[in-house]
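Structure record follows, encoded as structure tokens.
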């Protein structure tokens, strides 16, 4: 059984993480008036925003990510970080093209490089795990690069001491075999592996053996207080699951789901859980995780599409970003409007697969 380190902040316990009344009183009493005056508004501390980008599709998506963020968060005081993977675990060049780097530099981006020591070409989703070790050890929120911003993060109430992640997902993992184990047996085996309490994670409003009863996140966004500690635990859990999966996972695929399998365990281990009401704008009025340009036009809001068209419109941006075929054809040439016309926005298919197949049949699927 893999145990958690006991001497780091946020280490897991099998009990509630609420401090005792005495500990709370002692901590409160230790704060001086001067310290409180230095930080008059502690509702949301200074934090950094990060995405991952490298040569290829992610480089062009990073331009949309950064420009939409700056347009909607003009007073953001933290660092806007673009992290780029490096190392021998990649088959080709990962560095951002010079023209993309120049565009991002003009937006005041902080560039961070990190070496893939565990994942890389064989599992690109591992970038969001390994990049955490390279970040400044300050509160952070990570977003997938295929995210567009329509509003300000200042409108959210983010408690970085209680990590959370995106719930915009389908029931993609696990796929319980006919003769078991079921959802509960599979998930509980993972909580047991890391000595984590399981029962409090259940959504009792959902029936037993229904996938939404068990915490399962998309890794499209997640946040925490310390990227160093979060990243170390994320990497430890992911490697343990990949290299020595519990017997209950014998019939389960971990590619590409490994990050989404480990993430709920990591978040629970730090005392976090499902998003609360203060985060409602994520995957809503403030951010949109569109995934692929055709899907943006197929199912996302008019506001998200308008922002996409706005941020790529300036000629210096257009000259660079038109090299990416989906943006050139669907956004700049406005063929995305034909994709949107394929669907009734008031009656969209529930499964993403149906959207993709419809777009493919119409000849507009590209990535």
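When residues in region 280-313 are screened for being over 14 Å from residue 149 (Cα atoms) and not in a loop (DSSP other than H, G, I, E, B), 6 of them pass. The set of residues from region 232-246 being in a helix (DSSP H, G or I) and either over 22 Å from residue 144 (Cβ atoms) or not assigned by TED's automatic domain parsing to the domain that holds residue 197 (or both) comprises 236, 240, 243.
Where in region 63-151 are the strands (runs of 3 or more DSSP E), entirely inside, with at least 2 residues that are in contact (Cβ under 8 Å) with a residue 24 or more places away in the chain and out of contact with any strand residue (DSSP E or B) (no Cβ under 7 Å at 6 or more places or on another chain)?
Working: elements: 80-86, 110-115, 140-143, 147-149.
Once the strands (runs of 3 or more DSSP E) in region 63-151 are filtered for at least 2 residues that are in contact (Cβ under 8 Å) with a residue 24 or more places away in the chain and out of contact with any strand residue (DSSP E or B) (no Cβ under 7 Å at 6 or more places or on another chain), nothing remains.
Here the condition is being in the same structural domain as residue 258 (by TED's automatic domain parsing) and not in a loop (DSSP other than H, G, I, E, B); of 188, 157, it holds for 188 alone.
Within region 247-263, how many residues turn out to be assigned to a helix (DSSP H, G or I) and either loosely packed, with under 15 Cβ neighbours inside 10 Å or touching a strand residue (DSSP E or B) at 6+ places or on another chain (Cβ under 8 Å) (or both)?
Kept after step one, since they are assigned to a helix (DSSP H, G or I), are these residues of region 247-263: 247-249, 258-263.
Add one more test, that the residue is either loosely packed, with under 15 Cβ neighbours inside 10 Å or touching a strand residue (DSSP E or B) at 6+ places or on another chain (Cβ under 8 Å) (or both), and what stays is 247, 258-260, 263.
Adding up the residues that qualify gives 5.
Okay, residues lined up against (1) surrounded by 17 or more Cβ atoms within 10 Å (Cβ to Cβ); (2) more than 21 Å from residue 68 (Cβ to Cβ); (3) touching a residue at least 24 places away in the same chain (Cβ under 8 Å); (4) outside the structural domain of residue 224 (by TED's automatic domain parsing):
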residue: 276; (1), (2), (3), (4): no, yes, yes, no
residue: 301; (1), (2), (3), (4): no, no, yes, yes
residue: 323; (1), (2), (3), (4): no, no, yes, yes
residue: 346; (1), (2), (3), (4): no, yes, no, yes
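The single residue among 345, 333 that is more than 26 Å from the chain's Cα centre (by Cα) and modelled with pLDDT of 95 or more turns out to be 333. The single condition among (1) in a loop (DSSP other than H, G, I, E, B); (2) touching a strand residue (DSSP E or B) at 6+ places or on another chain (Cβ under 6 Å); (3) surrounded by 20 or more Cβ atoms within 10 Å (Cβ to Cβ) that residue 168 does not meet is (3).
Does residue 88 meet the test of being at negative phi and in contact with a helix residue (DSSP H, G or I) (Cβ under 9 Å, 6 or more places away or on another chain)? I'd like the intermediate steps shown before the answer.
Working: at negative phi: yes; in contact with a helix residue (DSSP H, G or I) (Cβ under 9 Å, 6 or more places away or on another chain): no.
Taking the combined requirement at face value, the residue does not satisfy it.
Taking the conditions (1) closer than 21 Å to residue 252 by Cα; (2) in contact (Cβ under 8 Å) with a residue 12 or more places away in the chain in turn, residue 178 satisfies each one other than (2). Quick check: is even one residue across region 205-214 assigned by TED's automatic domain parsing to the domain that holds residue 169, in a loop (DSSP other than H, G, I, E, B), touching a strand residue (DSSP E or B) at 6+ places or on another chain (Cβ under 7 Å) and farther than 23 Å from residue 283 by Cβ? Checked region 205-214: no residue is assigned by TED's automatic domain parsing to the domain that holds residue 169, in a loop (DSSP other than H, G, I, E, B), touching a strand residue (DSSP E or B) at 6+ places or on another chain (Cβ under 7 Å) and farther than 23 Å from residue 283 by Cβ.
This table checks each residue for (1) in a helix (DSSP H, G or I); (2) more than 17 Å from residue 67 (Cα to Cα).
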position: 317; (1), (2): yes, no
position: 320; (1), (2): yes, no
position: 331; (1), (2): yes, no
position: 334; (1), (2): no, yes
position: 343; (1), (2): no, yes
position: 349; (1), (2): no, yes
position: 355; (1), (2): yes, yes
position: 358; (1), (2): yes, yes
position: 365; (1), (2): no, yes
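The values are calculated or read from the model by the stated rules, or taken from the named source; none is laboratory data. Note that the structure is predicted; figures quoted are calculated from it, not measured. Note that we place each Cβ from the backbone using ideal geometry, even for glycine, and neighbour counts take in every protein chain shown.
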